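Just so you know, all these numbers are worked out from the coordinates, no wet-lab data involved. What you see is a predicted model; the values in this text were computed from it and never measured. With ideal geometry, Cβ positions are generated from the backbone for all residues, glycine too; neighbour counts draw on all protein chains shown.
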Amino acid sequence: MKLFDSHCHLDDRSYKDDLMMVIKNALAAGVESVMVVGINKKSSAKALNIAKANPGYYCAVGVHPHEAKKCSDQVLEFLANLAESEKVKAWGEIGLDFNRMYSPQKDQEKWFIRQLSKADKLGLPVIFHERDTSGRLLEILKSTTLDNTLNGVIHCFSGNRNELMKYLDLGLYIGITGIITIKGRGAKLRELVPLIPAERLLVETDAPYLTPAPQKNKGRRNQPAFVKSVMLKLAQVRQEDPNQLAKTIWENTCRLFSISF
């Protein structure tokens with residue numbers, strides 16, 4: 001089973017002492033490719049360094065909605081310069097988060113729209129973050145004029161059926177995390193994943209967060225190796241052969257990020 005963790009944060013300080021062991025663990029679990037996702041200027045630069053140092057690793061650059069109040073034109077130009085590297089395959093993680101409101105809504109929306117435009121001009125797919133926006137992210141996506149076709153993935157999907165259908169109508173991919181393995185929290189997600197066309201699915205860890213079962217019973221920190229648990233649970237819920245589904249999702253991820261092996 002060949003796996004691609006389409007979203008993780010290996011630049012996080014929780015990996016500072018054993019990053020190479022985490023990378024070895026991933027390969028041993030069949031995780032042959034990893035997308036390291038930036039959340040601000042410093043994080044994106046570190047993500048790119050990790051990607052450059054490891055075959056099969058790629059990165060995304062962007063400013064997370066939590067960091068929006070610190071964004072600027074200069075930051076976006078810095079990220080655009082990083083994106084000149086062949087290792088940068090996406091712009092993200094960007095979007096809106098009205099749950100914790102670490103940045104004001106006006107700042108989140110301003111820099112989300114500006115980053116959408118930047119990604120469009122660079123021809124990069126977008127990794128979207130959405131939490132508790134009551135449809136506002138969808139409104140912006142539908143109203144924003146882009147030169148190219150909207151292309152990207154809803155990272156860590158946790159919405160309702162109506163939102164799912166609208167994302168699919170926009171042609172977006174859907175990222176599934178370890179939430180699907182959690183008995184209570186993942187119940188709604190398990191009801192919805194059979195509705196997603198196989199060719200629109202991605203799997204991810206969002207490491208070091210969202211550790212799946214059974215690994216979450218042994219420790220809090222997630223890692224790319226654990227994406228296999230996400231894949232196996234996804235196949236079980238969809239009643240599909242896990243090896244065939246893994247093959248399809250590998251192809252989906254490579255197609256979205258324009259990666260060829």
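Brief remarks follow.
- Test: THR177 is surrounded by 15 or more Cβ atoms within 10 Å (Cβ to Cβ), touching a helix residue (DSSP H, G or I) at 6+ places or on another chain (Cβ under 7 Å) and closer than 19 Å to GLU93 by Cα: yes
- Filter result for the condition that a residue is under 22 Å from SER158 (Cα atoms) and part of a helix (DSSP H, G or I), over GLU139, GLU130, GLU93: GLU139
- Subset of the stretch 49-68 [over 17 Å from SER6 (Cβ atoms), under 16 Å from the mean Cα position of the chain (by Cα) and without any contact (Cβ under 8 Å) to a residue 60 or more places away in the chain]: VAL63, HIS66
- Among residues of the stretch 196-224 that are in contact (Cβ under 8 Å) with a residue 40 or more places away in the chain, those with a beta-carbon under 8 Å from a residue that is surrounded by fewer than 17 Cβ atoms within 10 Å (Cβ to Cβ) and of a type in the set (A, V, I, L, M) at least six positions away or on a different chain give the pairs ARG200/LEU168.
- Residue in the stretch 25-43 that is touching a residue at least 24 places away in the same chain (Cβ under 8 Å), part of a helix (DSSP H, G or I) and loosely packed, with under 15 Cβ neighbours inside 10 Å present: yes
- Within the stretch 75-109, the set of residues being out of contact with any Cys (no Cβ under 8 Å at 6 or more places or on another chain) and among the basic types (Lys, Arg) comprises ARG100, LYS106.
- Residues satisfying the criterion are present in the stretch 131-142 (criterion: farther than 25 Å from TYR58 by Cβ and without any contact (Cβ under 8 Å) to a residue 12 or more places away in the chain).
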